[in-house]
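The structure appears right after this line, and notes come after that.
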Amino acid sequence: NAAKTMTRMIPEASPRTAAVWLPPLLITLGAALLEAGGRGVTEALRYDRDAVVAGEWWRLVTANFVHLGWWHWSLNALSFGLLVLLCPERLRPSEWLARVVVIGAGMSLGLHLMVPALSFYVGLSGLVYGLFALGFGRQIVAGDRFAIACLAFLAARIVWELVIGAPASEERLIGGAVVAESHLYGVVAAAAYGLASGAFRRPASRS
């Protein structure tokens, strides 16, 4: 199948390995605990333009881990599961932390600088889009042609959301508007991170 074909290109990764599931699981469970904390926790951690201007820069990161509600969290949790199936990587905890912080903060900073009309933002989707782009980019460098189609689909979806908008049914489900720009800036932040960190280097061949 597609996932098996793709992961053959990255020898140290397999969706059957428990180690590749643990970090995404911890991230989604952590977000679930924050969601269980209620509205007060969400308001304290969400991206809030005025609060960031006032110096609460940590919101650029924490905004990624709070949600509009349980349906919003569920969709992002499912996206993380798909990420592991299509782009499994066995990474050190420090590498996972670096990716989450740099891509998450980069995405939020992009919103802050480029979408001045946006007052609030919550959710993991911008980070997940960035992680998908990072994973597919690495697979493409490794020689996986199917990953090209996956990355093209990701790009087409972002363009569709920016031009046409997200389906009204999806926005009703999550309880708010889909901020399509978060997906765009998540990918931009991931591309910058991948180039700077060497994540797009071709993996060593198996002997």
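Computing the accessible area with a 1.4 Å probe over protein heavy atoms, can you report the carbon and sulfur percentage for region 1-148? Answer for region 1-148 is 68 percent, counting heavy atoms of protein chains only.
Note on the chain: with a GNM built from Cα contacts shorter than 10 Å, the maximum mean-square fluctuation among Pro24, Pro15, Pro93 falls on Pro93.
Taking label points 7 Å from Cα along the Cα-to-Cβ direction, Val53 and Leu173 give a separation of 3.5 nm. Helix 93-114 axis versus longest C-alpha principal axis of the chain: approximately 50°, rounded to the nearest ten.
Against the chain, whose longest principal axis is taken from its Cα atoms, helix 180-197 shows a tilt of about 50°.
Using the 1.4 Å probe convention, the accessible area of the chain works out to 51 Å² per residue with neighbouring protein chains retained.
Entry note, the chain: the mean residue ellipticity at 222 nm calculated from DSSP H runs of n ≥ 4, each adding -39500 (n - 2.57), is -21500 deg cm²/dmol after division by the residues and rounding to the nearest 500.
Across region 116-207, C-alpha contacts under 8 Å between residues 6 or more apart give a mean separation that, scaled by the residue count, equals a relative contact order of 46 percent. Computed on protein heavy atoms with a 1.4 Å probe, the accessible areas place Val41, Val100, Val163 in the order Val163, Val41, Val100, largest first. The mean sequence separation of alpha-carbon pairs under 8 Å and at least six residues apart, normalised by the residue count of the chain, gives a relative contact order of 27 percent. The angle between the Cα long axis of helix 18-36 and the main principal axis of the chain comes to about 10°, on a 0 to 90 degree scale.
Each peptide in 152-162, 45-55, 179-189 gets a packing score, the mean of other Cβ atoms within 10 Å over its residues, and the list from highest to lowest is 179-189, 45-55, 152-162.
The values are calculated or read from the model by the stated rules, or taken from the named source; none is laboratory data. What you see is a predicted model, and the numbers here were worked out from it, not measured in a lab. Cβ atoms come from the backbone with ideal geometry, glycine included; neighbour counts cover every protein chain shown. To get the accessible areas, we keep the full protein, side chains included, count just its heavy atoms, and leave off ligands, DNA and RNA. Shrake-Rupley method; radii C 1.70, N 1.55, O 1.52, S 1.80 Å.
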